[in-house]
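This report concerns only the one structure given below.
The values are calculated or read from the model by the stated rules, or taken from the named source; none is laboratory data. This is a predicted model, so every value here is computed, not measured. When we count neighbours, we look across all protein chains shown, and the Cβ atoms used for this are built from the backbone with ideal geometry, even at glycine. With ligands, DNA and RNA removed, areas are computed over all heavy atoms of the protein, side chains included. Shrake-Rupley method; radii C 1.70, N 1.55, O 1.52, S 1.80 Å.
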Amino acid sequence: MEYSAEEPASIQSLFNSIAKSYDRMNFILSMGLYRLWNRRLINAARSESGNDLLDLCAGTGEIAYGFLNKNPQGHATLLDFSEEMIEIARQKGGDLTERCKYCVADAEKIPFQENSFETITLAYGLRNIKEPLLCAQEGFRVLRKGGVFAILELTRPRFFILRSLHYLFLKTFLPLLGRLLANNEAAYKYLCDSINHFISPEEVQKMLLNTGFSTVKVTPLFGGVATLFLAKK
C-alpha cells in the first residue's frame, strides 16, 4: 500500500496497522533517545503553562501520561485520528485514565471551543498532517491566552556528516527494521520519506509566528535529528 500525507485516509490506515508495535519501534529506531526527547517536551510544556492539556496526534499516550505523572492535579485530552492508537492508549493508561478524555478526530479540525486548553502538545505528528498550517491555526484557536503549543518533530540534521549518516539510516535500515519488526516495510519507508521531505525548522517557526503566536523558541536535539518548538500565545 502507498502512504502519503496528501491522502489522510492512507495515513490513518498506516497508524492503525502499526499501533501495536509503535512504542517498541520508536525505542529501537531512536536507540532509546525518544524517551529523552519526550521528557524535554513534557518538562518544557509544564514549565511554561498550566495543567489542562490537549495532546494532538496522541498516539499511545506517551506524552499525555508523562505529563500527568508530573502533574497530580492535571487533566489531559488525547486526540488522534487513529482509533487503534487511541484504544491502545486507553488500555495502557491505568489509573491515569480517570484524568483523561479520549477523542478520535483530525488535528486539522479540533472539535473544541476557543480558549479551551492551557497547554497543547504534538509529538512526531506534524509532518503526517496534510495541512500543517491548519493544525497550527486550530491549536492557536483552542489555546488560552498565555498558553503554550509545544511541538516535537523529527527533522534533518544541519551538519553534513551527521545529515549523511542520518539519511543513510533512514533510507536503508528503517524500512528493513519495519519489515522485520512490524511486518510493514511500506509504512516505515513512508516515515523515512516524511522526515526527508518535511519543511525545515525555520519554516515551522515562521508558520507558527504567522499564525499569531507571540514567540516561538526553537531547540535542536541531538544535532537536529529532532527539534523542539515552544510557541506561546
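Scan region 184-201 and report the pairs whose first residue is farther than 22 Å from N16 by Cβ and whose second residue is part of a loop (DSSP other than H, G, I, E, B), with Cβ atoms within less than 6 Å and a gap of 6+ or a chain change.
Going by the 6 Å Cβ cut-off, the qualifying pairs are P201/T155.
With a cut-off of at least 3 residues that are modelled with pLDDT under 95 and open to solvent by 30 Å² or more (accessible area, probe 1.4 Å), name the helices (runs of 4 or more DSSP H) lying wholly within region 121-220. Break it down stepwise before answering.
Numbers: elements: 132-142, 160-168, 174-181, 185-197, 201-211.
Those helices (runs of 4 or more DSSP H) span 160-168, 174-181, 185-197.
Here's the yes/no breakdown for (1) among the β-branched types (V, I, T); (2) at pLDDT 90 or above; (3) out of contact with any Pro (no Cβ under 8 Å at 6 or more places or on another chain); (4) within 25 Å of L180 (Cβ to Cβ):
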| residue | (1), (2), (3), (4) |
| --- | --- |
| E2 | no, no, yes, yes |
| E6 | no, no, yes, no |
| I18 | yes, no, yes, yes |
| Y22 | no, no, yes, yes |
| N38 | no, yes, yes, yes |
| G61 | no, yes, yes, no |
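Would you mind stating whether G66 is under 30 Å from D193 (Cα atoms), without any contact (Cβ under 8 Å) to a residue 40 or more places away in the chain, of a type outside the set (F, W, Y) and surrounded by 16 or more Cβ atoms within 10 Å (Cβ to Cβ)? Break it down stepwise before answering.
On the way: under 30 Å from D193 (Cα atoms): yes; without any contact (Cβ under 8 Å) to a residue 40 or more places away in the chain: yes; of a type outside the set (F, W, Y): yes; surrounded by 16 or more Cβ atoms within 10 Å (Cβ to Cβ): yes.
It is true that G66 is under 30 Å from D193 (Cα atoms), without any contact (Cβ under 8 Å) to a residue 40 or more places away in the chain, of a type outside the set (F, W, Y) and surrounded by 16 or more Cβ atoms within 10 Å (Cβ to Cβ).
List every residue pair whose Cβ atoms sit under 8 Å apart, with the two residues 6 or more apart in sequence or on different chains, where the first one lies in region 101-127 and is free of Cβ contacts under 8 Å to residues at least 60 places away in the same chain and closer than 12 Å to E138 by Cβ and the second, anywhere, is open to solvent by less than 10 Å² (accessible area, probe 1.4 Å) and assigned to a loop (DSSP other than H, G, I, E, B).
Close Cβ pairs (under 8 Å, with a partner that is open to solvent by less than 10 Å² (accessible area, probe 1.4 Å) and assigned to a loop (DSSP other than H, G, I, E, B)) amount to A107/G125.
Among the numbered criteria (1) farther than 23 Å from A5 by Cα; (2) in contact with a Ser or Thr (Cβ under 8 Å, 6 or more places away or on another chain), which one does L133 miss?
For L133, the exception is condition (1).
Does D80 count as open to solvent by 10 Å² or more (accessible area, probe 1.4 Å) and under 21 Å from G146 (Cα atoms)?
Numbers: open to solvent by 10 Å² or more (accessible area, probe 1.4 Å): yes; under 21 Å from G146 (Cα atoms): no.
Criteria not met by D80.
Can you confirm whether I86 is part of a helix (DSSP H, G or I) and surrounded by 15 or more Cβ atoms within 10 Å (Cβ to Cβ)? First the steps, then the outcome.
Working: part of a helix (DSSP H, G or I): yes; surrounded by 15 or more Cβ atoms within 10 Å (Cβ to Cβ): yes.
The answer is yes for I86.
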